[in-house]
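Have a look at the structure below, then the notes.
A short reminder: the numbers here are calculations on the coordinates, not readings from a lab. This one's a predicted model, so the numbers in the text were calculated from it and none came from an experiment. Cβ: placed from backbone, ideal geometry, glycine included. Neighbour counts: every protein chain shown.
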Amino acid sequence: MLTMLGNPRRFCDGITRRESLQVGAASLLGGLTLPQLLRAEQQGAATGRGRAKSVVVLYLHGGAPTQDMYDMKPNAPVEVRGEFKPVATTAPGIEICEYLPFSTKWMHRSAIVRTVNHRANCHNTVPSYTGWEEPLTDLSMIKDSYPPSMGSVCEFLKPASQDLPDYVYLPTPLQWGSAVPKAGPYAGFLGKRYDPVETIADVYLDKGVRTDVREDPPLVKGIPRLPDQKLADGVTLDRLSQRRGLLDQLDGERRRLDTRVSNAVYDRFQQKAFDVLTSNKLRDAFDRSRITTEVLRRYTDTIFGTSTFIAGNLVTAGVKFINVLWDWYNVRIPGIQDFGWDTHMWNFQILKKYLPIVDLSFNALLEDLEARGLLDETLVVVMSDFGRTPNVNKDAGRDHWSHCYSVLFTGAGIRGGSVYGQSDKHAAAPIDRPVSTSDICATIFECLGIDPHFLIQDRQGRPVPIAQGGSPIRDILAL
C-alpha cells in the first residue's frame, strides 16, 4: 500500500486524512489517479484559518541592528542605546526609531516580536528561511539534504492548474557578493523544481558617487527583471506552445512507463520555465513603464525600492510568496564598499541612509496594498538573518549577535498594536517568551492557512514538519 505522509488530523467522520490517503492509494489503478493523490496530499496542508493570500518578506541581509529600529533602549548606557531616539506610533505604548517616521503610522496594524534568537552561526540564512537551526561550516554550499524554504513549500503546495509561480525572489539571488548563491531560499530536499523564480538586475551607482567611504555607503540603483524574457529569434508564442504540445506528448509516453510519485511531478521545472515566459500577469508585474517618477519618489529609486514596488504588483497578480532582498546585490563595481547590513563600523551613519529607504518602501507598499484592497489579505514581514551586539564597538559599529533580535509582522492575520516577548535592558537576551526561527516560519505558514506541522518527506524518506517543529505565535495572530 502507498502511504502518503501528512499530519494525522481527523476529519469530522473520525477517519484521519492519512488513512483516507491510504485507502485512495489502494485504488490507484481503478480510482484516484496518482496526480489526484498528490493534489489530495497538498490540499491536506490547508488549515482553513489563514487570512493571508500572499506574503512579502523584506529581507535585510547581513544582520540588521533591530535594537536601533524596533526594540530601542533609551534608558540604557550610551554605549548600548546608541544615537537614535524612539518616537511614538499609532499603537499606544509602542515606540520605534525616529528614522522610521512613515512606519509609525502602521504599528496599529503590526506586531513586533522582540525575542527571536538562534544558535546556528551568523550570516547563516537557512534558519530564517526554513526554521532549521543547524550550524553550517560552508554558508555558500547549497545541498539537496537541507530543508526547503517557506517559499519553496508554497511552490510545492501550489495547485496543479495554476500557471503563475507561487515563489518569486527579488532582485537578485542571495550571494553576499560571492560567485555562488548562498543556502537558505531554495527547495532543498524537495528538488530544484520548487526553487524560486529568481530575477536578475543590472545594478549601478549614480555618477560621481564615491565607493570608498564606508560611513557613507552608496545606494545601489537598478530595476529587477525576469531572466530570458525574450524568445529566440523567429520563435513566437504560438510556436512555443506547439513545441510545448509536442513535448507534452513525448512526456506522456514517458510517464506511462513509470508511475512513481517522483515522475508525477518531475516536469514542474519545465512547466515553471514555460509559465514564466508566457504569463501575461507575471510580465505585466515587471513592466518598466509602470515605474514612473512618482513611484520612484514614493518607493525611492534604489533597487530595494523598485523591487518592493514590483513585489506589490506580484501580490496583485496572485503570487503567494515574494521575497525582496537587501543584499550586496553582487555588485561588480571596482572599489565598492557596500556590505549591506553588516554594520561592524559606522553603524549609525549607515543606518541614517538605510533606514529611510526601508521606511519609504515599506510605507509605499502598504499604502498601495491598502488602496487596492489587498492589505487585509497580504502579510508583510521585515526580517534579517540575525542581529547585532548590544554594545557599540570602538569603530562605532555593532558586531554579530544572534541571541536576541526583532521581526516585524504587518497586515493579514496579525493582531495589530501588539508586542511579543521582552528583551533585557540591553536587548542582549530574551527575558520573556523567547522565539525560535522555526516559530517565525510557523507563524507565517499559519497566516497563509498552511498547517505548520504538515509533514513532507526528505531524501531518506523521513517525515519532516515544514516549520521544523516550530509553533505559531498565537498571541500576535488575529485568526
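Worth pointing out:
- In a DSSP loop and with at most 15 other Cβ atoms within 10 Å, the GluC sites (Glu not before Pro) in region 80-178 are Glu83, Glu98.
- Long-range amide H partners of Ser384 with built H, under 5 Å: Leu60
- Close amide H pairs (under 5 Å, H built 1.01 Å from N) link Ala46 with Asp451, residues at least 5 positions away or on another chain.
- Whole-Hz Karplus values for region 459-465 come out as 5, 9, x, 8, x, 10, x Hz, taken residue by residue from phi with 6.51 cos²θ - 1.76 cosθ + 1.60 and θ = phi - 60°; glycine and proline positions read x.
- Rg over Rh, two decimals, region 309-432 (C-alpha only, Kirkwood Rh): 1.01
- Taking N as its residue count, the alpha carbon Rg of region 40-99 over 2.2 N^0.38 Å: 1.76
- Scanning residues 5 or more positions from Val116 or on other chains, those with amide H under 5 Å from its amide H are Tyr405, Val407, Val435, with H placed 1.01 Å from N in the peptide plane.
- Of the trypsin sites (Lys or Arg not before Pro) in region 186-228, the ones in a loop by DSSP (not H, G, I, E or B) with at most 15 other beta carbons within 10 Å are Lys207, Arg210.
- Region 403-479 - charge dipole about Cα centre, Lys and Arg +1 at Cβ, Asp and Glu -1, debye rounded to 20: 60 debye
- Qualifying lysines (Cα of each under 20 Å from Cα of Lys352; at least 8 residues distant if same chain): Lys73, Lys85, Lys105, Lys221, Lys394
- Integer Hz, Karplus 6.51/-1.76/1.60 couplings in order for region 307-321, x for Gly and Pro: 5, 5, 4, 5, 4, x, 5, 5, 4, 4, 6, x, 6, 7, 10
- Karplus-derived 3J(HN,Hα), 6.51/-1.76/1.60, for each residue of region 143-157, Hz, glycine and proline x: 10, 6, 8, 6, x, x, 6, 4, x, 5, 4, 4, 5, 4, 8
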